[in-house]
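Here is the structure we will look at.
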Amino acid sequence: MFDVRELRLPVVQAPMAGGPSTPELVAAVAGAGGLGFLAAGYRTADEVADLIGRVRARTTEAFGVNVFVPRPVPDPAGAARYRAELAAEAERYGVPLPEPDPADTDDWDAKVRLLTDDPVPVVSFTFGPPPAPVVAALRAAGTCVVVTVTTAAEAREAAALGVAALCVQGPEAGGHRGTFAPAADPGPAPLPALLAAVGAATGLPLIAAGGITTGTGAAAALRAGAVAVQSGTGYLLSPEAGTAPAYRAALTDPAFGSTAVTRAFTGRPARGLRNRFIDEHDASAPAAYPLLHHLTRPLRAAAAAAGDPHGMSLWAGTGHRDARPEPAAEVTRRLAGG
């Protein structure tokens, strides 16, 4: 079974749903000695199977697949109210708004079957602990199971399932914070303090995530107790990443100088470059993931097609200014101090 402590370089490329985590990116990171991750979120099991095949065609090194754990929607009524608010955005971008299904599970059952029938070296879970039988089945298939945690309490719950490692995600991280409870506000403890608390609570190998885009930041996380560091934002400008052109441009545009944590795009707290959409809708966005994700998806796609970063979810961590337009292998080596 794969062991994250045995990576040639202690660097993990974060799974970034929505396009950036391409097979080319995953294979390049793996080939450099790190661990690349596909993002299964918002894709069907068949689409994930195709992506896995494309990675295997490019590398024989270990890689991972990240899966979102479905949870009950805390505020479905709030999503209906928010849909009415977004009517002006739909008119702005000339797209209809969907009516999301509260029972959506992101093709969970089919993805679990895929990953147990045709195992990959590593499977990680975000947004909650997977059911114990799923962990047992993956372990029996020879898969290293990792769970994303944001508190020591979540870490203890995940560790009790017999997982191999934990991804400890601090508030500095870009994209979604992996809190187990959808309505919970992310804790403010910075990554070093969170690593210490989780390490004391579980003793499991820890992957540090949150604002890490430099070798200096990575070294600090390793000194704080992590066995590897995870970066997503650091890879967004790499040529292998599937980052949309307007998104790439915004990452280096002085006009987008700050990040904010918001529920405005998906209903779950996520950090991204602050833009018009966040300013206008953050205050009224309910805790209704994934309904808000589906509501805003056509708006975000239309904004991307129009090259308008102010209507897009520009996920980025606090270290986004240190991201560089380098090949993924170079980013991996730089993070590792090579």
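The values are calculated or read from the model by the stated rules, or taken from the named source; none is laboratory data. No experiment lies behind these values; they were computed from the predicted model shown. FYI the Cβ positions are ideal-geometry reconstructions off the backbone, even for glycines, and counts take in every protein chain you see. Note: accessible area is taken over every heavy atom of the protein model, side chains too, but ligands, DNA and RNA are not part of it. Shrake-Rupley method; radii C 1.70, N 1.55, O 1.52, S 1.80 Å.
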**Asked** Lys/Arg Cβ at +1, Asp/Glu Cβ at -1, dipole of the stretch 210-332 taken about the Cα centre: which of VAL227, PRO327, ALA285 is farthest positive-ward?
**Response** ALA285
**Fill in**
Probe 1.4 Å, heavy atoms of protein chains only: per residue, the accessible area of the stretch 111-161 in Å² is 35 Å²
**Item:** Computed [θ] at 222 nm, deg cm²/dmol, the chain (DSSP H ≥ 4; -39,500 (n - 2.57); rounded to nearest 500)
**Value:** -10500 deg cm²/dmol
**Item:** Gain upon complete extension [ALA77, ALA153; 0.36 nm per residue less C-alpha separation]
**Value:** 24.4 nm
**Request:** Can you send over the carbon and sulfur percentage of the accessible area for the chain, probe radius 1.4 Å, protein chains only?
**Result:** 54 percent
**Options LEU299, CYS144, ALA132, ranked by Cα towards positive dipole end of the chain, top entry (Cβ charges)** = CYS144
**Prompt:** What Kirkwood hydrodynamic radius, in Å, does the chain give when the mean of 1/r is taken over all pairs of distinct Cα atoms and then inverted?
**Reply:** 19.7 Å
**Asked** What length, rounded to one decimal in nm, is gained on full extension from TYR42 through to SER258, with 0.36 nm per residue of separation minus their alpha-carbon distance?
**Response** 75.1 nm
**Prompt:** Using +1 on the beta carbon of Lys and Arg, -1 on that of Asp and Glu, and nothing else charged, what's the dipole of the stretch 192-276 about the Cα centre, debye to 20?
**Reply:** 300 debye
**Request:** Quote the charge dipole size of the stretch 1-57 about the Cα centre in Debye, to the nearest 20; the model charges only the Cβ of Lys and Arg (+1) and of Asp and Glu (-1).
**Result:** 140 debye
